[in-house]
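Participant: Sharing a structure here in structure tokens format.
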Amino acid sequence: MSRLLGAVLAGGLSSRFGSDKAQAMLGGQSLIDHAMATLRRHADDVIVVGTRAGGLPDLPREGLGPLGGIAAALDHAASHGFRCVLTIGCDMPRLPDALIPALLERGPAYCEDAPVLGHWSAALGAHLLSHIEIAPNRSVRGWARSVGALPIMSPTPLANVNTVEDLMAL
């Protein structure tokens, strides 16, 4: 069995939310705790990436968006004996039950509607660091396509919390 690391990406500035959305509460639990609970159902261990949330710093440096968080997770996984990483944003509290198993059946794979939700080989870390330095487009989707990751459609629309109004609608 391959060891799977779960990584919550929580390094964003939450500028549209107005405060640290990772700590926003939904049903008596913070959004970051919701994400960690989701990952614990599938992963052997779970980490947080994002220094605001007390997690690992992005690689190769801060300010690169989700790719920097994924790079940090891949690096941590490779150096700690994990073969794969399952990444999720801290702002995705309610995922369809079948979505993560669909990602884990394939790999690399990502959610077409929210590419920060992905299943990646830890061996892709060096490729991602190179991509960050040379690619003009630093989108997760662009990097995912460059490594042949499969886009997986969510069976239902995803709830993504970017604003207080988004959170209140859940």
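Participant: Kindly indicate the residue of segment 40-73 that is in contact with a Leu (Cβ under 6 Å, 6 or more places away or on another chain) and aliphatic (A, V, I, L, M) and also nearest to I134 (Cα to Cα) among those meeting that condition.
Facilitator: A71
Participant: Something else now. Quick check on this structure: which one of P93, P108 is within 23 Å of S14 (Cβ to Cβ) and touching a strand residue (DSSP E or B) at 6+ places or on another chain (Cβ under 8 Å)?
Facilitator: Step by step, each of P93, P108 is checked, and only P93 is within 23 Å of S14 (Cβ to Cβ) and touching a strand residue (DSSP E or B) at 6+ places or on another chain (Cβ under 8 Å).
Participant: Just one of the numbered conditions (1) among the hydroxyl-bearing types (S, T, Y); (2) over 14 Å from the mean Cα position of the chain (by Cα); (3) surrounded by fewer than 16 Cβ atoms within 10 Å (Cβ to Cβ) is not true of S154; which one?
Facilitator: Every listed condition holds for S154 apart from (3).
Participant: Working only within segment 118-135, note down all residues that are in contact with a helix residue (DSSP H, G or I) (Cβ under 9 Å, 6 or more places away or on another chain) and either farther than 25 Å from A102 by Cα or of a type outside the set (A, V, I, L, M) (or both).
Facilitator: G118, H119, W120, S121, G125, A126, H127, L129, H131, I132, A135
Participant: If you don't mind, there's one more thing I want to ask. Any chance you could count how many residues in segment 93-123 are buried (at least 23 other Cβ atoms within 10 Å of the Cβ) and over 21 Å from S146 (Cβ atoms)?
Facilitator: 1
Participant: On to the next question. Please name all residue pairs, on different chains or six or more residues apart, with Cβ atoms under 8 Å, provided the first residue is in segment 80-99 and is on the phi > 0 side of the Ramachandran plot and the second residue is of a type outside the set (G, A, S) and part of a loop (DSSP other than H, G, I, E, B).
Facilitator: G81/R3
Participant: Specify which of the listed residues (A37, A77, A71) is surrounded by fewer than 16 Cβ atoms within 10 Å (Cβ to Cβ) and assigned to a helix (DSSP H, G or I).
Facilitator: Criteria check complete, one pass: A37.
Participant: Only one of these conditions is not met by E133: (1) at pLDDT 95 or above; (2) assigned to a helix (DSSP H, G or I). Which number is it?
Facilitator: (1)
Here's the yes/no breakdown for (1) in a strand (DSSP E or B); (2) under 22 Å from L56 (Cα atoms); (3) free of Cβ contacts under 8 Å to residues at least 12 places away in the same chain:
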{"position": "L129", "(1), (2), (3)": "no, yes, no"}
{"position": "N137", "(1), (2), (3)": "no, no, yes"}
{"position": "P151", "(1), (2), (3)": "yes, no, no"}
{"position": "P157", "(1), (2), (3)": "no, no, no"}
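The values are calculated or read from the model by the stated rules, or taken from the named source; none is laboratory data. Note that this is a predicted model, so its numbers are computed, not measured. Note that we place each Cβ from the backbone using ideal geometry, even for glycine, and neighbour counts take in every protein chain shown.
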